[in-house]
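Below is one structure, written out as structure tokens, with a few remarks after it.
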Amino acid sequence: MWGLEKGEERMKGGKLDEKTKWSSESALTAILGLIAVTLLLAGCLCRGLFYATGVYPMVLVASGSVLIWFVLFIMCFNEPKTRGQSGIAQWSNYLKRLYEAIMQHAHTRWMLWPLAMAVWFGLHVWIGPVNVQGSLDEMLRWSLLAIFALLTVMLASRMNGTRWFACGWQWAGGLLVLSGVLAACGVLPLPYGVMRTADPEISSAGARLGGLLQYPNAYGAIIGMYALERLAAAARAIARPLSAGRLIAALLPLMPAQAALLLSESRGAWLATGCAAVAAFALQRRGARLLLLLATAAPLACAAWLYSQLAAAQLAPAPVPGLLALAGAWAAALLGTLLLCRLWHSGARVRAAALTATVLAGITAATVAVASTADRMAAGVGTGLSRLQMWRDALKLWTEAAWLGHGGETWRGMFRAIQSSPYVGGEVHNGFLDLALDTGVIGLMLIAGWFLSTLRTMWRRAPHLLPSVIVFVLHGAMDFDWSFTFLWMMFIWLGGWARSSATLQEFAAVKKRPRFLRPLSPWPQWILTGLFVMFWLGGTVWLTGQQVAAEQQYRLAMSKDSGDTERKALLTAAYKFNPYRPDIAISLSRTLQVEKAESILVQSLSFSPVSPQLYGELGRLAAQSGRGELAGNYFEHGLALNRFDASSQSQALYWMEQASRRELAAGYAERGRQTAAAGVRMYERYRQLAEEVAAGEERNDRRFELREEASRYGGNLRLLAFGPLASEVTRKSP
């Protein structure tokens, strides 16, 4: 009897332990899901994380979130049998469990792709690229993506992870769509959410929806990704005889998403989404293809009507009419789809009527959309030709370092030096070219491997997500979407979603012991992994902290409230935290004596050897101290890196005149004349270049021309070099 009682107690205790463990697993999954969804939404709200200053806080938050989850994991598995062990043995057991939780799944290796990109940019920082700060920013950005990928693969490895991926996708996509449409309807004030322009090549309606990303092209691409996933979900819902409420829930986001896509007026996003939609149609079984048409007909027609109404008001209608138009189009889309669905399930003849209505709705939507953008389609040839010219220049630059690349932000730092015409283009408008310039063929191979790995998994496990990834890849080849960190996060989210396990059998099937650390014995794998994660996260946090501190000090120094002494102290602190930023070095140099200022600028030039601003500042200092030859050399280098900048050309001529005057006043007549002659040669090159641009048929987006003050400085320099020394020649500053 006593043995039976002990056995029953043991069974009850085992069930209790199992229940407690299951509860701990569920809690850990919920915490991990909340962390991942919160990071995704934060990336959406922070303007897509386009600027490096927005990436820095996200790196700190993501690193802290990973650390918190690790601590909670250890606390949840503090089993009684380990409590009596010594401290070292207890922590060893905890770390082993943590290692198994992270590394025991085969798809954990998927997060190594973005980590490899971060390491590659780190190597560029070490070997000395054309822009150390740009490579450092890219290294931190890809570290953030690697951390986010680590969170997603851990979430995908846990039970019920799929629900969190679906939830995060709905929240992020719904937030982007609803905020953008409400802003276009005049209901929600969204700063810079609508881009307004009078250029017909940019917008036929005079306004385009940029949403929370504040850039219509990238906004249209990500809305296209969301719309195609929702379209596939709606088609699956229509295929089954569901209740009206459940069907409406599946159809609810579709019309506003299609309207937001049209309101972005992004031809590239339309093309990429259309190609992906064709691919989605081809991937479906024969019987399911018609359901896609059935699901998109009424929402697309209503979205096209709403677009025409809002475009006529230049996306600035009165709040009440705008809200009524949105509500009416939304209701009509839902009711129309419900009617088509009922007809579809009512018989063969009625199905023919439903298909006819679907075709007519599609033709109507296409007609309305094309009619509204016909002017821009006709006027947009110039922007296309300008982009082709930009790509030709980028390819020439890429061949200079085809395998290794030039480092982070290569195009942004060097396009002024190599551009064949004065176009404005801080972004190369091609994700593949941008990566090729930064990382060379090696970086492209890493990205290609990442894409292929993700597409293979989606093909096998989640084919309904493939069209969204196709939009991401296609539009990234036509614009600079990939400069938005948030779009990479959405790509990672889709990859994690495809890898997530929905059932216990699938969860058990994907378990697989990692093998890539086994040859490193006798060190235990968990020790090596723990050391790597510790140094990786610790180093990332330290570098990011330096960047954040420098940015804070610099902003305080540039504020209007700071005095000269305080500004100098703040700039000194900012420079100590981050000596790689040229703007900090230039601002600090203006508060110092000439010798110290030159030393700081020369050191900064070693970190940014293609910065025309640094050369211009060094030339100014040399001119102020009466060293005309040195000033001329600095200005020559600076203008070679930015020859289509009329302001820099005029400034160089002004300071060359001042240098010549100082040398003449000091009694160095020959040096003064030589400095003036060098300035005359600069002026002649400037004048000839301006005449070539004026005579050519190429775009002059930078409005490069021969300025009036530059002609005056050129005349003064000619008098100083070849005429009598006139002391009353104007010295007016530009």
Just for helices (runs of 4 or more DSSP H) wholly inside the stretch 226-331: which have at least 3 residues that are farther than 25 Å from residue 479 by Cβ?
-> 244-251, 286-312
Take the residues of the stretch 598-637 that are of a type in the set (Ser, Thr, Tyr) and within 28 Å of residue 410 (Cβ to Cβ): which is surrounded by the most Cβ atoms within 10 Å (Cβ to Cβ)?
-> 604
Here are 659, 574: which of them is touching a Gly at 6+ places or on another chain (Cβ under 8 Å), at pLDDT 95 or above and open to solvent by less than 20 Å² (accessible area, probe 1.4 Å)?
-> 659
Please specify each residue of the stretch 544-568 satisfying the condition of being modelled with pLDDT of 95 or more and either aliphatic (A, V, I, L, M) or under 16 Å from residue 134 (Cα atoms) (or both).
-> 544, 546, 547, 548, 549, 550, 551
Any chance residue 221 is surrounded by 21 or more Cβ atoms within 10 Å (Cβ to Cβ) and not basic (Lys, Arg) = yes
Subset tally (residues that are under 16 Å from residue 710 (Cα atoms) and part of a loop (DSSP other than H, G, I, E, B)) for the stretch 643-696 | 3
Output yes when any residue across the stretch 167-180 is among the aromatic types (Phe, Trp, Tyr), in contact with a helix residue (DSSP H, G or I) (Cβ under 8 Å, 6 or more places away or on another chain) and surrounded by 24 or more Cβ atoms within 10 Å (Cβ to Cβ), and no when none is.
-> no
Enumerate the helices (runs of 4 or more DSSP H) found wholly within the stretch 1-87, keeping only those where 3 or more residues are surrounded by fewer than 12 Cβ atoms within 10 Å (Cβ to Cβ), at pLDDT below 75 and not acidic (Asp, Glu).
-> 2-45, 80-83
Here the qualifying pairs (Cβ atoms under 7 Å; residues six or more apart or on different chains; first in the stretch 531-545 and without any contact (Cβ under 8 Å) to a residue 24 or more places away in the chain; second outside any helix (DSSP H, G or I) and not hydrophobic (A, V, I, L, M, F, W, C)) come out as none
Please indicate, with yes or no, whether at least one residue in the stretch 683-691 is at positive phi and open to solvent by 60 Å² or more (accessible area, probe 1.4 Å).
-> no
Do any residues in the stretch 232-260 that are surrounded by fewer than 17 Cβ atoms within 10 Å (Cβ to Cβ) have Cβ atoms under 7 Å from those of residues that are of a type outside the set (A, V, I, L, M), where the two are at least six apart or on different chains, and which pairs are they?
-> 241/345
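Is it true that residue 153 is aliphatic (A, V, I, L, M), touching a residue at least 40 places away in the same chain (Cβ under 8 Å) and over 23 Å from residue 609 (Cα atoms)?
Working: aliphatic (A, V, I, L, M): yes; touching a residue at least 40 places away in the same chain (Cβ under 8 Å): yes; over 23 Å from residue 609 (Cα atoms): yes.
Against the criterion (aliphatic (A, V, I, L, M), touching a residue at least 40 places away in the same chain (Cβ under 8 Å) and over 23 Å from residue 609 (Cα atoms)), residue 153 qualifies.
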Return the only residue of 195, 139 being aliphatic (A, V, I, L, M), under 19 Å from the mean Cα position of the chain (by Cα), over 22 Å from residue 31 (Cβ atoms) and at pLDDT below 95.
-> 195
Hey, among 288, 269, 301, 297, which residue is more than 15 Å from residue 233 (Cβ to Cβ) and at pLDDT below 85?
-> 297
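The values are calculated or read from the model by the stated rules, or taken from the named source; none is laboratory data. In this text the structure is predicted, and so the values were computed from the model without any measurement. Cβ atoms come from the backbone with ideal geometry, glycine included; neighbour counts cover every protein chain shown. We work out accessible area using only protein heavy atoms, side chains counted, and drop any ligands, DNA or RNA first. Shrake-Rupley method; radii C 1.70, N 1.55, O 1.52, S 1.80 Å.
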